[in-house]
Amino acid sequence: MDKDKKGPSKLAFMLSIVALILAGVVSVFGVNLWLAGTQWILISILLAVWATFLNSCDCDCCKKE
């Protein structure tokens, strides 16, 4: 079950990296991608926090065999 637990964590971390890249593109090149660069950075931080939480959660669903 440990492999199933890491999947959502890795997905949230990868989405965090994508949001960080979007923040850089929006800030440097001035591209209009729905949000400002600082808002993309906040989304990236939020996803990184969720990735950390999902990696170390103590829920019952991860303990079942």
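The values are calculated or read from the model by the stated rules, or taken from the named source; none is laboratory data. These figures come from a predicted structure and were not determined experimentally. All Cβ positions, glycine included, derive from the backbone under ideal geometry; neighbour counts span all protein chains shown.
Observations on the model:
- Residue match in segment 40-57 (condition: assigned to a loop (DSSP other than H, G, I, E, B) and at pLDDT below 90): yes
- Subset of segment 47-56 (residues that are touching a residue at least 12 places away in the same chain (Cβ under 8 Å) and aliphatic (A, V, I, L, M)): 47, 48, 51, 54
- Residues of segment 5-39 that turn out to be at pLDDT below 90 and in contact with a Phe, Trp or Tyr (Cβ under 6 Å, 6 or more places away or on another chain), as a count: 0
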